[in-house]
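Just below is one structure, and these are the notes that go with it.
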Amino acid sequence: MSALERRYERHVERPHGLPAGTRQARAQRAEVTAYRDVLYEKFATCVELDGRLAHPSDARWRDIRRDNALAADGGVTLRYGWLDVTARACQAAAEVDRTLRRRGFAGGRPCCPGCPVGRDPLPPSPIRPVPPPRKRPPAPRVSGPAGRRRGRDNGLRRTDPAPTLGR
């Protein structure tokens with residue numbers, strides 16, 4: 001476990017009541033093996049911790065392809081660096097907490113009076129299920145002769161004799 005991963009566990013996960021994720025979780029896709037820094041498998045969420053030594057700039061596209069593969073399988077990846085884990089630990093924990101709550105987690109806890117974890121109500125998900133189509137009530141049935149004589153005028157056909165001129 002890297003120093004950044006230890007700090008994430010000590011400063012983000014534990015003090016905020018987040019579930020313990022699986023460290024260095026092995027992910028096999030086709031013939032490529034990848035390792036996820038922290039995987040919350042039950043919630044289909046992955047946290048990647050990007051330190052400069054382990055993640056040089058030329059490896060950026062490999063990381064993007066790995067994130068895209070997880071998204072294609074219905075998961076989500078959150079990425080954090082040193083500053084996020086050390087100076088912004090509460091904000092990072094709040095983001096992880098909101099993501100996990102959207103996916104079924106009961107919720108974390110604030111570590112101090114100013115901590116934002118669990119304080120904001122969970123907004124409705126922007127992805128809403130499509131409601132089933134509404135059943136239309138059947139059209140009213142018209143009884144009598146008018147119901148049988150519908151024409152182009154939507155059933156408003158005259159049945160009285162036409163007026164005559166000069167009579």
Given the structure, is residue 92 part of a helix (DSSP H, G or I), in contact with a helix residue (DSSP H, G or I) (Cβ under 7 Å, 6 or more places away or on another chain) and not polar (S, T, N, Q)? yes
Taking the condition modelled with pLDDT of 70 or more and among the charged types (D, E, K, R), does residue 79 pass? yes
Per the filter on the range 104-118, residues surrounded by fewer than 19 Cβ atoms within 10 Å (Cβ to Cβ) and over 11 Å from residue 19 (Cβ atoms) are 109, 110, 111, 112, 113, 114, 115, 116
Residue selected from the range 9-26 under the condition farther than 15 Å from residue 43 by Cβ and without any contact (Cβ under 8 Å) to a residue 40 or more places away in the chain, by the criterion surrounded by the fewest Cβ atoms within 10 Å (Cβ to Cβ): 26
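Here's a check for you: in the range 56-89, which residue that is part of a loop (DSSP other than H, G, I, E, B) and in contact with a strand residue (DSSP E or B) (Cβ under 9 Å, 6 or more places away or on another chain) is farthest from residue 36 (Cα to Cα)?
My answer is 88.
The values are calculated or read from the model by the stated rules, or taken from the named source; none is laboratory data. As the structure is a computational prediction, the values presented were derived from the model and not from experiment. We place every Cβ from the backbone using ideal geometry, glycine too, and count neighbours over all the protein chains shown.
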